[in-house]
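I have placed the structure first, in the form of structure tokens, so that the comments after it can refer back to it.
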Amino acid sequence: LGLFTHVLTILLLGFIVPNSFEFIFIQIIAGIVTILRVSELSKRASLFVSVAQITGVYLLTYIAFSITQEGNISNIDWMNIGLFLLNGIITASIVIPMVFLYEKVFGLVSDESLREFSDSNNKLLRELNEKAPGTFQHSMQLANLAESAAKEIGANSLLVRTGAMYHDIGKMLNPMYFIENQATSVNPHDELSPEDSAQIIIEHVIKGIEIAKKHKLPDRIIDFIRTHHGTSFV
């Protein structure tokens, strides 16, 4: 989709810019490299490396085209070289804020954000591990299973894995009322009425949503907390 959009845009602009063949040649090559690089990003910081590499491709392509056309490197317009470098610097400066802005405005969650949220050293996941270690292990196991299932059906496996890691965070408020956190034979539900027990169990969904919003998790991740017990009786 990115390649199709890029090529179509460049071809349309080729009708109105000066030196249209040079413009189309340089932009298509740089665009292909950009799309390949961005699709392999694993960390947000890698964006800066990608910008540097893409700027290098612009420079090499422009210099190669100019030498071929002019027959002499001395005839290269060095002002354009400076503009390419300036463009790279500006892009590196605004790329992170722009990604953040697009996520907020359009309700999107980039793969880079999902990777950060799915890091087990994330503050909220560390808190879950400390307060409800059994629930944390359950969530990790479920994340692995859900990720495998998502890959098999072509779903967004990274989103599914991240959502599974957070789906039970509401249990950290009353961890001992959930069996995976009970290290002894003592079960606090034995001293409660069935109605009170059910209420505590059901509330972990609502509490989880509240915790997620407090920690500013994206809505697409909160949806996993909101829906993981469906709408039927618990």
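The values are calculated or read from the model by the stated rules, or taken from the named source; none is laboratory data. This structure is a prediction, so every number in the text was calculated from the model and none was measured. Positions of Cβ are generated from backbone atoms using ideal geometry, with glycine treated the same way; all protein chains shown enter the neighbour counts. Just so you know, the surface numbers come from the protein's heavy atoms only, side chains and all, with ligands and any DNA or RNA stripped out. Shrake-Rupley method; radii C 1.70, N 1.55, O 1.52, S 1.80 Å.
Scanning the stretch 97-128 for residues that are open to solvent by 90 Å² or more (accessible area, probe 1.4 Å), of a type outside the set (A, V, I, L, M) and under 11 Å from the mean Cα position of the chain (by Cα) turns up 100, 116. Residue 102 meets the stated requirement of being part of a helix (DSSP H, G or I) and under 30 Å from residue 217 (Cα atoms). For the stretch 183-198, a residue qualifies if it is over 19 Å from residue 132 (Cα atoms) and of a type outside the set (A, V, I, L, M), and the qualifying residues are 190, 191, 193, 194, 195, 196.
Would you say residue 45 is within 30 Å of residue 110 (Cα to Cα), of a type in the set (A, V, I, L, M, F, W, C) and at pLDDT below 90?
yes
So that you can scan it fast, the table gives a plain yes or no per residue for (1) of a type in the set (Gly, Ala, Ser); (2) within 30 Å of residue 165 (Cβ to Cβ); (3) touching a Phe, Trp or Tyr at 6+ places or on another chain (Cβ under 8 Å):
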| site | (1), (2), (3) |
| --- | --- |
| 57 | no, no, no |
| 67 | no, no, no |
| 93 | yes, no, no |
| 114 | no, yes, no |
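Screening the stretch 1-76 for helices (runs of 4 or more DSSP H) wholly inside it with 1 or more residues that are open to solvent by less than 70 Å² (accessible area, probe 1.4 Å) and of a type in the set (Phe, Trp, Tyr) returns the ranges 20-38, 46-70.
Only one of the listed residues (171, 207, 216) is open to solvent by less than 30 Å² (accessible area, probe 1.4 Å), basic (Lys, Arg) and either closer than 23 Å to residue 130 by Cβ or in contact with a helix residue (DSSP H, G or I) (Cβ under 9 Å, 6 or more places away or on another chain) (or both). That residue is 171.
Residues in the stretch 134-168 that are surrounded by fewer than 15 Cβ atoms within 10 Å (Cβ to Cβ) and not hydrophobic (A, V, I, L, M, F, W, C): how many?
Here the count works out to 7.
Within the stretch 185-206, is even one residue in a helix (DSSP H, G or I) and closer than 27 Å to residue 106 by Cα? There is at least one residue in the stretch 185-206 that is in a helix (DSSP H, G or I) and closer than 27 Å to residue 106 by Cα.
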